[in-house]
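Note sheet for the following structure.
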Amino acid sequence: MRKRQAAHIEAPPQAPGQPRPNTCCLCWCGCCKCLWNEDRMERSERQTFHPSFLLLSSLEEVLSWSRSFELMLRSLEGREVFQEFLRSEYSEDNLLFWLACEDLKKETNSTVVDEKARIIYEDYVSILSPKEVSLDSRVREGINQTLAEPSNLMYEEAQFQIYTLMHRDSFPRFLNSSVYRDLLANRRRACLDT
């Protein structure tokens with residue numbers, strides 16, 4: 001399903017200054033590549049994995065990730081490597097949702113909280129979103145009720161649900177993946193070379 005949605009969203013690159021086909025000024029669901037949606041897409045692209053990060057963490061830190069999901073999430077490189085793995089499984093949205101909720105929790109300005117809460121809803125909670133995360137109906141209904149007066153903690157239960165999903169489901173597969181094993185092998189070789 002996600003492959004079909006991604007294929008629907010992708011459009012061929014346009015020459016600068018040329019209008020894009022199927023653009024609209026009311027693109028609230030992110031269904032097309034209109035200018036309104038472009039800024040958010042560019043921001044998420046900037047948050048993607050870059051191989052240069054493979055030189056930052058020590059062997060001990062990379063090994064510690066296998067013992068603690070929390071330690072991996074606290075590490076910038078850990079999050080980026082895990083995000084690369086999740087992208088290969090079409091579940092990167094879970095981590096992006098979790099990170100957006102962490103960012104919202106730190107916010108104190110009510111205007112900014114309102115805007116960020118709305119963006120998180122549109123990007124990850126709305127059933128119309130192509131990046132919708134898997135939440136049970138009870139949690140989703142609770143979020144719908146708090147949307148009238150958003151707070152920086154309104155997604156706490158949903159965030160915990162996604163955290164648990166990543167921890168129990170994605171994280172064990174990540175530890176057995178070539179992404180993690182190759183990183184570990186590179187760190188071991190680097191230790192032997194020094």
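The values are calculated or read from the model by the stated rules, or taken from the named source; none is laboratory data. All of these numbers come straight from a predicted model, not from anything done at the bench. Every residue, glycine among them, receives a Cβ derived from its backbone with ideal geometry; neighbour counts consider all protein chains shown. Note: areas computed on protein heavy atoms with side chains; ligands, DNA, RNA excluded. Shrake-Rupley method; radii C 1.70, N 1.55, O 1.52, S 1.80 Å.
Just checking, which of Leu99, Leu135, Leu86, Leu95 is in contact with an Asp or Glu (Cβ under 7 Å, 6 or more places away or on another chain) and closer than 20 Å to Arg168 by Cα?
Working: Leu99 fails: in contact with an Asp or Glu (Cβ under 7 Å, 6 or more places away or on another chain); Leu135 fails: in contact with an Asp or Glu (Cβ under 7 Å, 6 or more places away or on another chain); Leu95 fails: in contact with an Asp or Glu (Cβ under 7 Å, 6 or more places away or on another chain).
Just one listed residue meets the conditions, Leu86.
Taking segment 58-103 as the region of interest, how many residues are free of Cβ contacts under 8 Å to residues at least 40 places away in the same chain, within 19 Å of Ser126 (Cα to Cα) and either basic (Lys, Arg) or in a loop (DSSP other than H, G, I, E, B) (or both)?
Looking only at that region, the number is 0.
Applying the selection to segment 135-173, what residues are hydrophobic (A, V, I, L, M, F, W, C), open to solvent by 30 Å² or more (accessible area, probe 1.4 Å) and free of Cβ contacts under 8 Å to residues at least 24 places away in the same chain? Let's see the steps before the verdict.
Initially, segment 135-173 is screened for residues hydrophobic (A, V, I, L, M, F, W, C), giving 135, 139, 143, 147-148, 153-154, 158, 160, 162, 165-166, 171.
Add one more test, that the residue is open to solvent by 30 Å² or more (accessible area, probe 1.4 Å), and what stays is 147-148, 153, 160, 165.
Passing the criteria: Ala148, Phe160.
State whether one or more residues within segment 109-122 are among the polar types (S, T, N, Q), free of Cβ contacts under 8 Å to residues at least 60 places away in the same chain and in a helix (DSSP H, G or I). Reasoning before the result, please.
Just the residues of segment 109-122 that are among the polar types (S, T, N, Q), to begin with: 109-111.
Going one step further and asking which of them are free of Cβ contacts under 8 Å to residues at least 60 places away in the same chain, we end up with 109-111.
With in a helix (DSSP H, G or I) added as a condition, the list becomes 110-111.
Yes: one or more hits.
Tally time: how many residues in segment 65-82 are open to solvent by 20 Å² or more (accessible area, probe 1.4 Å) and more than 18 Å from the chain's Cα centre (by Cα)?
Total satisfying the criteria: 3.
I want to confirm something. Restricting to segment 83-103 and keeping residues that are over 10 Å from the mean Cα position of the chain (by Cα) and of a type in the set (Phe, Trp, Tyr), which single residue is most open to solvent (accessible area, probe 1.4 Å)?
Out of the qualifying residues, it is Tyr90.
Do we have Ser178 as out of contact with any Asp or Glu (no Cβ under 6 Å at 6 or more places or on another chain), of a type in the set (S, T, N, Q), touching a residue at least 24 places away in the same chain (Cβ under 8 Å) and under 29 Å from Leu71 (Cβ atoms) here?
Numbers: out of contact with any Asp or Glu (no Cβ under 6 Å at 6 or more places or on another chain): yes; of a type in the set (S, T, N, Q): yes; touching a residue at least 24 places away in the same chain (Cβ under 8 Å): no; under 29 Å from Leu71 (Cβ atoms): yes.
The answer is no for Ser178.
Mind listing whichever residues of segment 175-189 are touching a helix residue (DSSP H, G or I) at 6+ places or on another chain (Cβ under 9 Å), more than 12 Å from Phe82 (Cα to Cα) and not charged (D, E, K, R)?
Leu184, Asn186
Report, by residue number, each residue of segment 146-182 that is in a helix (DSSP H, G or I) and over 21 Å from the mean Cα position of the chain (by Cα).
Taking segment 146-182 first, the residues in a helix (DSSP H, G or I) are 146, 156-175, 178-182.
If the condition is that a residue be in a helix (DSSP H, G or I) and over 21 Å from the mean Cα position of the chain (by Cα), then Thr146, Arg181, Asp182 are the ones that fit.
Looking at segment 104-125 only, could you name the residues that are open to solvent by 50 Å² or more (accessible area, probe 1.4 Å) and either in contact with a strand residue (DSSP E or B) (Cβ under 8 Å, 6 or more places away or on another chain) or within 20 Å of His167 (Cβ to Cβ) (or both)?
The one that is open to solvent by 50 Å² or more (accessible area, probe 1.4 Å) and either in contact with a strand residue (DSSP E or B) (Cβ under 8 Å, 6 or more places away or on another chain) or within 20 Å of His167 (Cβ to Cβ) (or both): Lys105.
Which numbered condition in (1) at pLDDT below 95; (2) open to solvent by 60 Å² or more (accessible area, probe 1.4 Å); (3) not in a helix (DSSP H, G or I) is the only one that Pro130 fails?
Unmet for Pro130, out of (1) at pLDDT below 95; (2) open to solvent by 60 Å² or more (accessible area, probe 1.4 Å); (3) not in a helix (DSSP H, G or I): (2).
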